[in-house]
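Here the structure comes first, spelled out in structure tokens, and everything after it is commentary.
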Amino acid sequence: TCTTNAAMCCWPKDRQANDGNGNCAKPYDQNCVDKDPADNTNLCFADLDKGNKSSAFDSRQGFMSFPEDNNAGEGAIHCHGLAWAADEYDTYSRYKGNNLFFVSMYDHMHQRGYVEEIPGMPMCGCMEQMPLVTRSDCTQVDVTEDWEVSYNPEGGMVGKITKVDIDFNACRGRNNRNNDLWAKVARLYDEGRVSARDFGKVGQVLTNDHDCYFGTEYAKQKKGLATGYTHDSTVWTQVAGRDELEHDAYGKNAFNTAFFGQTLTKDTTPIIMRICADCVSTHKRIFYKRLTPIDDPNFQLLHNIMYYRNGNPAPDNVWDEDYSLHSTYEDAVSGANPWKCPGDKFNYHAPFTGECSPDGTKVRNQHSYFNDGNGPRKNVAYYINKPEDVGVSDLIPSDRTRSPGDIIEEEIGIVKTTGASFDGGDGTIHVTGSGDIWHQADRFHYIYENGEGDITVKVHLTDMASIGNRGWAKAGIMIRSDNSADATNAFMYLSNSHGAHLQTRRSKTSGTDNRPNKNWHNVDKDAHQSAWLKIVKKMDTIEGYYSLDGGDGGTWILYGTDIVNFPLDKFIVGLAVSNADDWNLAEATFEDYTIDQYIFPTAAPSISLAPTAWNPLVDIDTQRAGELYLESDTDHDFDILKGSGTGLDHTSDSFTYYVEQVPDASMSAALTINWWSNWSVHGRAGIMLRDTLDANSAYVFVGAAGARQGAVMQSRALAGQRDVFHKMEFINNNDGPFWFNLNYVAGVGGAPGTVTGYYKKTVDGEWIELAQAPFTASGSAVLIGVANSAGETHQWALKQMNVEPIQISTNNLG
């Protein structure tokens, strides 16, 4: 009994002449020996365990793989099958035996003379017993039945079939795709006559894509096998690979350094070995002998080998001038037995192989375009004759177990072409990357480590190369809140053609901008091949520097500064590379990369005494007095609070506070800000829970950040400590409205309480949690109210916010 509702026969031989099928002819002893049926499929894989009931090989791990088709592989193969419904009373099911006899014995053996079986497999069998093929013809039954019905008062209605006419026709499949077994089962599935499971099992025998590759790889993996190549690491280093032989490709500088400076034959002619697991025997292993140095310093030899296709050769990689091909390493070293090309012409549309061969016979389709998923050859890898432990190597070995203090390497965002990083062996780091670092989300290659606090990061970017010569390819130092694509970050970089810049994304999902300290038109945007780069992080201040004359040994030029807050003052920091191109890579070579802790001199906090008489409007260490206009005193349906101050910064705060004193108990405070326009990154407007009116008091703040950065939560756990930035989320509401909620669960028995901050994007939207922070009151009362800080230092700083009265209750969210 078949576990799938389909069966199939496959024949490799034809023994009947003059029937219009196959190539058997008379006389039989001369023209019908080992002849072929009409080919209608590509045989991929024969699992000998599946065919054991027929072959009795008892080989659970045995298999045969047929990577080529027709004369280059298994020869002509003809497969033909049938399918039926899951309902045993369905016409297809009741007459499946008739259909099987017609397909196997009558139509193909008797009428066409097709015989024999794929070695180790049945000639005909259930789909789950048959070899993997790309397709199969199909026959269905079309039945006409005559029924006779009689009535007996004692037995009731009785029916019987008196006549059956069966027509055997080509299957009618999905989307009018006829005479195709896969399409027939697909149609039965569409009609609800077979299950998804049975349809899927048929798809594991018929690849339905004219390609054996993926089906064969899957079949091998089910047996615990995989395509691969084990090289001698004392002689060879892999520099590129695809599919099952995948390996990150070396960039220009990494490759040139290794190939021309570190190979075993660097003093004569360095050698590349190409491995092709699925190629014909002569092309499975080819050796490239380099005859000349590269004249153009911008020429990327490995990229040319992997991707170039053109009628004319690329300068610096011309066959029989810059290189020769050989069948063995020994021949490549000595120069013996170079390959020949048909008509003495190399076909540059077929990279690396040129359709050449050892004797000059044209051999097609043995090359591989690394940007073409179909190959035409998959499982291709390139190696250079350099020991793996010499010179350039993977910066992070693939078999390394990650530990908390390690450098981490990964793609950030949705990257179409993966980058890599390599240790140059002499203190240099080569990093490649595609994508772009801009707008609301990034795509790039990043090597980084965890960091916190105040730091200084420096690196010398000695060279940059961009495939496609993209002007805004970027490479440099990045500090980032996390590895999400839209994370807050600061990036000091050198572009390929437009100079060095500092760019930041101030809050998650917000836009990215360059942050020069001068007018953009006056910024140095000249192309520089190399530069020294430096980022200094001082609390929430980012300073970006570059140098063209030696870094610490020359002059650092301050490009710009910005305010960027990282949650809990923790972040990731490292080297980032992008190419302003999703499909091609840029490469940067870095030297003298250092990360040092920055010792930030903190000033003593200023302290203001709490007033003896209670005043709901309080200015805490501001330049000028704030102003309050209540709803009841104006023609508006909101309060107007104008605030001064320099911000909620570090160990001391400066802001205007519309506040009330309440018992230290659990509560919820909700606030709607109708409008607040403030373009200072230090500006803050929102809900403030505070222990005292001292400038250095413990507090928790939930609200809006200036410069349209979004919703922010920050706090100071104890008086005089440095405050902590917890999280910032971009809100695309421009200058309002904004909705915030602060939930306070008071501590018990002297334990700290917990504050949770929320925001909404629309008035009817769900509350979104920002973060949580501890809060400890020093007495029996706390302060809760609306805070507004201009975030500016000049004496006349005053920013207006239109705000609905704060709502304080004991009904906590969540």
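Note on T793/V662: beta-carbon distance plugged into 1/(1 + (r/R0)^6) with R0 of 30 Å gives a FRET efficiency of 0.40.
For the Cα atoms of the chain, what angle does the longest principal axis make with the long axis of helix 213-222, in degrees from 0 to 90, nearest 10? Once rounded, one gets 80 degrees. One Cα centroid belongs to region 54-70, the other to region 93-111; the line between them spans 26 Å. Which is farthest toward the positive dipole end of the chain among G125, A465, I407, measuring Cα position about the Cα centre, with Cβ charges +1 (Lys, Arg) and -1 (Asp, Glu)? Checked the options; the winner is G125.
Rounded to the nearest 0.05, the FRET efficiency derived from the C-beta distance between R285 and A527 at R0 = 35 Å is 0.25. Solvent-accessible area assigned to carbon and sulfur over region 412-466 amounts to 46 percent, based on a 1.4 Å probe.
Leaving out ligands, DNA and RNA, what percent of the accessible area of region 702-814 is carbon and sulfur, probe 1.4 Å? Roughly 49 percent, rounded to a whole number.
Here the accessible area is traced with a 1.4 Å probe on the protein chains. For region 197-268, carbon and sulfur cover 47 percent of it. Take region 775-814 with all the other protein chains still there, run a 1.4 Å probe, and you get 49 Å² of accessible area per residue. Quick check on region 613-693: take the gyration tensor over C-alpha atoms, sort the square-rooted eigenvalues as a ≥ b ≥ c, and tell me if it's rounded (a/c under 1.5), prolate or oblate. Cα axes put region 613-693 in the rounded bin.
Relative to the longest principal axis of the Cα atoms of the chain, the long axis of helix 252-261 lies at roughly 70 degrees. Taking Cα centre as origin and charging only the Cβ of basic (Lys, Arg, +1) and acidic (Asp, Glu, -1) residues, the dipole magnitude of the chain rounds to 640 debye.
Taking all Cα pairs closer than 8 Å and separated by 6 or more residues, the relative contact order of region 351-502 comes to 14 percent. Pairs from the list K474/K799; K26/K50; K184/K220; K518/K799; K458/K525; K26/K340 with a Cα-Cα gap above 30 Å: K474/K799; K26/K50; K26/K340. Computed from Cα atoms, the angle from the helix 181-190 axis to the main principal axis of the chain rounds to 50 degrees.
Approximating the spin labels as points 7 Å out from Cα along Cα→Cβ, the A196-to-V748 distance works out to 4.8 nm. Look at the dipole of region 90-238 built from charges on Cβ: of V149, Y213, G224, the Cα furthest out on the positive end belongs to G224. Pairs of Cα atoms nearer than 8 Å and 6+ residues apart set the relative contact order; for the chain it is 8 percent.
The values are calculated or read from the model by the stated rules, or taken from the named source; none is laboratory data. Source: prediction; values computed, not measured. All Cβ positions, glycine included, derive from the backbone under ideal geometry; neighbour counts span all protein chains shown. Each accessible area value is taken on the protein alone, full model and side chains, heavy atoms only, with ligands, DNA and RNA left out. Shrake-Rupley method; radii C 1.70, N 1.55, O 1.52, S 1.80 Å.
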